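We did not get these values from a lab; they are worked out from the coordinates using the rules stated. Nothing here was measured: the structure is a model prediction, and the numbers come from that model. As a convention, Cβ positions derive from the backbone with ideal geometry for all residues, glycine included, and neighbour counts pool all protein chains shown.
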Amino acid sequence: MSVIQPDIGVSLRVMEKGGDSLQKCFQCGNCSAICDVTPDDDPFPRREMLYAQWGQKEKLLGNVNVWLCHQCNDCSFHCPGGANPGDVMAAVRNLSFQHYSYLGFGRYLSDPKLAPLLLAIPAVLIALVVAVGSLPGFMSMKPIVFSNMAPVMAIDLIFIPAMVFAVVAGLAGIIAIWRDFTAHYGDERDVALIKAVWLTLLGVLRHDKMKKCVVNAPRTNAHLLLFYGFFALLATTTLVALMHWINLLGIASVAETPLPLSHPVKVLGNIGAITALSGIYIIVTRRLTLNAKQVGGTLYYDSFFGVVLFLTIATGILAELFRLVDYSFPAFAIYYVHLVFVFTLLVYAPFSKFAHMLYRATALTFTNTRKRKP
Amino acid sequence: MSGSLLVIGGGIAGMTSALEAAECGLKVHLVEKDFSLGGRVLRMNRYFPKLCPPACGVEINYRRLRSNPDVEVLTNSEVVSISGVRGEFSVVVETSPRYVNARCTACGDCEKVCPVKGKDPHNYGLSEITAIRAPHKMAMPMRYAIDMDVCEGESCGKCVTACKYGAVDFAMKPVRTTLVVGSVIYATGWKPYDAGKIENLGYGKIANVVTNVEMERLAAPDGPNGGAIMDKPVKKVAFVQCAGSRDENHLPYCSSVCCMASLKQATYVRERYPDSEVYIFYIDLRASGKYQLFQDKLMGDSNVHFIKGKVAKVEDGEHGQAVVVAEDILGGEKIRVAVDLVVLATGMEPVTTRDERLPDRDEYGFISANQGRNGIHSVGVAKSPVDVTTTIRDATGSVVKALCL
Amino acid sequence: MSDKKTGVYICSGCGLGEAFDVAALEKTVGDEFNAALCKSSGFLCEEAGVNEIKGDIRNEGLDAVMIAACSTRVNYDVFDFGEKILVERVDLREKVAWCQDEGSEDTLDMAKDYLRMGAAKLKEIELTVPFVQDVSDTILVIGGGVAGMTSALGAGAAGHNVLLVEKSDRLGGFMRGMKKTLPRNAPYINLEENSIEQLTEEVKADRKISVHLNSIIKSIVGAPGMFDVTIENGATSVVRAGAVVVATGFRPYEKEKLTDFGSDLPDVVTSVEFEGMAASGKIVRPSNGEPVGSALFVQCAGSRDKKHLPYCSSICCSVSLKQALYLREEYPDSSATIVYKDIRTPGKMELFYKQAQLDPGIFLVKGEIDNVTRDGDNLQVHVNDSLLGPAVSLKADLVVLATGMVSSTYDASVTIDKPEDQMTDDDRAKSGKASILNLQYRKGPELPHLKEEFAFPDSHFICFPYETQRTGIYAAGSARSPQGIADSIDDALGATVKAIQSVKLVGAGKAVSPRAGDTSYPDFFLQRCTQCKRCTVECPFGTLDEDKKGTPKPNPTRCRRCGICMGACPERIISFANYSINMISSMIKAIEAPDEFSGKLRVLMFVCENDAMPAIEMAGLNRLKYDAQVRIIPLRCLGSTNIVWIADALAAGFDGVIMLGCKHGDDYQCHFVKGSELAETRMSKVQETLDRLMLESERILVESISINEAHKVPEIIDGFMENLSDMEPNPYKGF
């Protein structure tokens, strides 16, 4: 017999994080039935709605369903009570982010007041790099070479440790949530972990789950654009860094930045940028123009992530354009901003909305280790 | 005319108000929009919880009407405007032509020659009927009428020739009458919520998805298929509760009768087909008061399955079946049940009237109860979604206000 | 029709002329009846046809008219010649022409027989003279709660004097103790201020209403319009009233019986006790007077429970939501949990439910209460099958039991020491009845309850919720079914209208529902009464009292004119001006029975005119054919069947008798409660007699039919004929 104590504090926090319609739920189960993403033998989000109403934190944390939800909003759109389960699940995810984030940093990314500080850290760090490492008179050197302002070495000196921190933080979050999943559902596996990871990867690459969304179906393609665009850009950045190190370490002689427009890596980067931006465009315009019941409410941390992602890509493109038209000051200035956002995006990833990728992939992998009804 | 009363609506509520008032000594005008009195209840097969035929009570009321000279019935009529004050309202009533005059004997010769058919509104369009017809066998007045939406007009004229009594009259025109009455009772009733608006439930798209009002006709011995429900033996039926009620996207209120209506309709299926299985999908079972005993009786039937969980969608299944999808909340699973027939327990919406100025309506269209002091009252489902017996209590009680002038 | 001047009018329209030879009918009239005139018309209901009849009435001085045409379903208002003219409608259309073969000899015979039956009836009946008495139009309202006061104000406003009798020392009833009331006005989401004080003031200020506090009804003697009510209030006084409204309300189900729900623990209170705390200003834990941090509301505490009240008390869900809001208002940091089976907030109350739910401190969950125990300073409520888990335990400072409603008319301590199946109706009339009305009626002092397991004096009829078994006495509010304030107000007004109506109808010598307006009434030829008491026992309405010897004392204003007493009487001394044993016997005897050599059977059919007769007419409207050897006689109620008619029929050579009435049993449809059941009982006795006379008991068939079962009419008749054809003809034919 488990003792249950309603916790108004928890439910109020869910409401504050966008689940403000939570109390309207009267447990009809329409949401679980309409949802095409939910497994049949453990349907969500109806039960999670009750847990949220009752503030049952321990039933929500480590609840794999919270992460299986892709916020299609079919549930919210059809909810007879106006309870918007999609938003409540998003709010619960937000609270989970904060809970599982390494050292609890997640809460800083959900606090609008801290945004200036969060941006100031990379701004100062990069400014230091520029102040210390830039070649004298880099501004007037032609052609424009960004590493003249921010030497790759110096940048990497900041980025590599920062990324290591991010990866460690991400892993810590994954381990923490995995442990809670196991505590909730037991650790008997029906499927080998490696196979589960593979299944997850395939599913994510195909967006299998998200493709089941109905009322918010156009978002799936937009997200695919953004997803693949982003990974193209990430690949570009990684390749450029690799190429730099290959040259530097004398492993081989490969093209140096700035790469010509025709270079395959450059082509990849530019296509990635355009693809990602069109994805963002669709998502943002849908969020701005359509009913929140259909596309879901937008929280601060959604916006923060979206804006940072957009500005990262946009400043990258702008910097490239100014470089190509040979306007030094704007090119360097924007590149500086670009670096700040790249840092913000990647280093804060485990604490921002970006981490949905980590936790959701973890949850998918966890569920892939066991047989559930589709 | 303080000793007189206008009752708008000739359904069970209006008939009751009119008769109770007349039996208290008031002069009553009873105005009904349709060709016949009787309203919605006459299209029902049985009442819950007694499972008795509604026509029985209507017949008793008809008999009271026949023997009471104090009720003047105006069918095919609508109130166009109400002016004046309590104690002396001036009411304009427009009577539309029925194109059959008082010489009609209801012999049916015209019907035999009528070449065109349209959907029969008495059967919610589940069957067809000739343009000239008696509204139904329980009609009062028992006089034929022509549905001009279907009729080919005077140029056809077959009915004119067939009628031995000169009762068909295409020259009839709308007639306006002015009544002076002391008070007014709106007993304008309800209409079923348009199930087509509930997109996911497949009404009008998926075969064998019907509404609860249609189910009443399908199960009625005098209905379109003699009460057989379907044209084949019925094995599995799903009842979908709150189809449009308790739903902010449709009707936010509870229609209050649908739970009992579905429980009752489950007995239609179980009685007619002893091997059948019935699934009732609900949010809360609202068998209030003594109706609980009816629910308990059905819960004792192992072929009736109660599933807490609102049906979210109805999909096409194999072999002409439909599949209902719901979370079986108590069972802990999401289920898909393939059935022969899906009955949507659609709710009740108040009927709006032509007269725009009166009365005050709430945001759902119900006529507010609290206009009692001004001589205009509402009863039954015109006021709030209630069942028949509550309607009748209300329709009876409201007469006191008309007596108080 | 010797003493009446009768005109016979036969219509040949609507296919009648084709179905049978109208001239032959006219000849029958001419040969057999002593009619003043006989005419036929191809269109009798036409204005000209009707005017001709009116002319004949005027010119020939007719005092009776036989219209041999269609049923009264059409043109019911056409053949109305004023109160002084007896009109007999002989239905040759739905009952002959439209259900029989066109032009056959049998069809003509049938039509002739119906004419003969009509003539026989006209001969036996008289115009009714209403039983008019000087009646009181004062309305007695018992119970001074919201229902009673609403009723009193309604009746007062309608111009009636009102006696409002309340047993406590103040008006207001349960509602007086309420902090707030549930929403009744748009937008239906806000609790409303308790208006009981205002209502009480209105009652006190109403000069039409005389309020009797601290008073009970010692006895009620008499009949509607003439009730002599003894009110006891220290002293006794007798006042006259015309009709009664019983609005004595409910009492909460006994807390002591709810020990499963921890009712013996100090911090477990009922919803009524909680309301009291809230209204008096302070919600605290009774055990220590401390504030309440968490309260748990248990729904259906004793309702929907076979061990307690089998029914749902209908209002508890909304009340608990209301009380949860009280708690939250008083202690903003508190939590209020509601454990329910189903949330029952029908209609617009749903909007209030949704509004209350918006409060984040209100927690709802479906579950079944297992038990309530003490856990140190707290209470622990164990809940099974809840949505939170199969077995969970919830903590609370205070547990509120939403206890159900028991009708104040129910008193479990009044028991009859007999097993249920040995109880007589008289026993049932007393068992479980609280002393409220103290009617001095042969059939018990109180209103009958609907069912034993559902001890409310409710109407059995969906369409006629005030059709009680005691004329002029109407129950309303929570006394008669579990209901809240809003419903009680509507209900109280309904009962008031019926009470007013009863006074008016009774004053004019007319019957109340279902034969509203009927001015006939039973006449007792008491010289021949043998004091067998069958009439007094069988009357379902408690109309007849008995004197010491057992002679019935008719109380015409209590009577519903069903004729059950007439059917019951072995001495055949009860009759109505327009409905009597002789009338039916004459009709039976007027029918020509074919002789034993004709090979034809003859069947008599007694048909209840409420449901079965319309079904037969509907069969005609649908042109359903049935056997031509049946002759139908409509009855007010099958319960008015006197077995002498069966003897008459058998003696007249009928081969069988069908009795077609309404469904009886628990869900009876008989408008006179027991009519069809009584008929069946009487017939089973006749069947026994038949067996003794070596006649097949299958010659008598008692069947029930519903109004919408016209298709069963041919099935029943033809099936019966088929069974009869296997038997020899009635051996008494020709005797």
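FRET efficiency for the pair residue C:32 and residue C:732, taken as 1/(1 + (r/R0)^6) with r the Cβ-Cβ distance and R0 = 30 Å, rounds to 0.80.
Taking a point 7 Å from the Cα of residue B:128 along the Cα-to-Cβ direction, the residues of region B:218-239 with backbone N closer than 16 Å to it are B:224-225.
Assuming charge only on the beta carbon of Lys and Arg (+1) and of Asp and Glu (-1), the dipole of chain C about its Cα centre is about 2000 debye to the nearest 20. Shape of region C:138-186 from its Cα gyration tensor (a ≥ b ≥ c, root eigenvalues): rounded if a/c is under 1.5, otherwise prolate when a/b > b/c, or oblate? Oblate is the answer for region C:138-186, as a/c is 1.5 or above yet b/c matches or exceeds a/b.
When the trypsin sites (Lys or Arg not before Pro) in region C:218-304 are filtered for DSSP coil states and for at most 14 other beta-carbon atoms within 10 Å of their beta-carbon, the remaining sites are C:282. Inter-chain neighbour count for B:139-145: the average number of beta-carbon atoms from partner chains within 10 Å of each residue's beta-carbon is 3. Counting neighbouring beta carbons within 10 Å and listing from fewest to most, the residues A:275, C:543, B:95, B:105 come out as B:95, A:275, B:105, C:543.
Using C-alpha pairs below 8 Å separated by at least 6 residues, the relative contact order for region C:523-575 is 43 percent.
Modelled label positions at residue B:338 and residue C:254, each set 7 Å beyond Cα in the direction of Cβ, lie 5.6 nm from each other. Above 38 Å, the calculated P(r) of chain C contains 50 percent of its Cα-Cα pairs. Mind checking which lysines have their C-alpha under 17 Å from residue C:625, skipping anything on the same chain fewer than 8 residues away? Answer for residue C:625, where 17 Å is the Cα cut-off: B:137, C:95, C:712, listed by chain and number.
Multiplying the residue separation of residue C:213 and residue C:134 by 0.36 nm and removing their Cα-Cα distance gives an extension gain of 25.6 nm. Average 1/r across all pairs of distinct alpha carbons in region A:102-368, invert it, and you get the Kirkwood radius: 20.3 Å.
As a ratio to 2.2 N^0.38 Å, the alpha-carbon radius of gyration computed for the protein assembly as shown takes the value 1.12. The lysine pair count for region A:102-368, using Cα distances under 25 Å and pairs eight or more places apart or on different chains, is 12. Pairs from the list B:383/C:366; B:264/B:313; B:191/B:383 with a Cα-Cα gap above 21 Å: B:383/C:366; B:264/B:313. Using r as the Cβ-Cβ distance of residue A:235 and residue B:207, and R0 as 56 Å, what FRET efficiency do you calculate, to the nearest 0.05? Efficiency at R0 = 56 Å is approximately 0.60. For region C:254-404, the square roots a ≥ b ≥ c of the C-alpha gyration tensor eigenvalues yield an a/c under 1.5, which makes the shape rounded. Counting only lysines at least 8 places from residue C:204 when in the same chain, those with an alpha carbon closer than 27 Å to its own are B:401, C:167, C:179, C:180, C:218, C:498, C:504.
Simple point charges give the picture: +1 on the Cβ of Lys and Arg, -1 on the Cβ of Asp and Glu, and for the protein assembly as shown a dipole about the Cα centre of about 3120 debye. At a Cβ-Cβ separation cutoff of 4.7 angstrom, cysteine residues of chain A with no neighbouring cysteine are A:25, A:28, A:35, A:69, A:79.
Kindly provide the helix-only [θ] at 222 nm of chain C, computed as the sum of -39,500 (n - 2.57) over DSSP H runs of four or more divided by all residues, to the nearest 500 deg cm²/dmol? So the helix-based figure for chain C works out to -8500 deg cm²/dmol. Based on C-alpha pairs under 8 angstrom that are at least 6 apart in sequence, chain B has a relative contact order of 19 percent.
Suppose R0 equals 30 Å. What FRET efficiency, 1/(1 + (r/R0)^6) with r the Cβ-Cβ distance, do residue C:666 and residue C:418 give to the nearest 0.05? Here the calculated transfer efficiency is 0.90. Remark: the residue C:527-residue C:48 segment gains 167.5 nm on full extension, using 0.36 nm per residue and subtracting the alpha carbon distance.
Out of every Cα-Cα pair that region A:244-313 contains, those further apart than 17 angstrom amount to 60 percent. Modelled spin-label separation between residue A:171 and residue A:36, with each label point placed 7 Å from Cα along the Cα-to-Cβ direction: 3.8 nm. Simple spin-label estimate for residue B:116 and residue B:149 gives 1.3 nm between the two label positions (7 Å along the Cα-to-Cβ direction from each Cα). Under the criterion of Cα pairs below 8 Å and six or more residues apart, the relative contact order for chain C equals 12 percent. Shown here: chain B, whose C-alpha atoms stretch 64, 53, 34 Å along the first, second and third principal axes, sorted largest to smallest.
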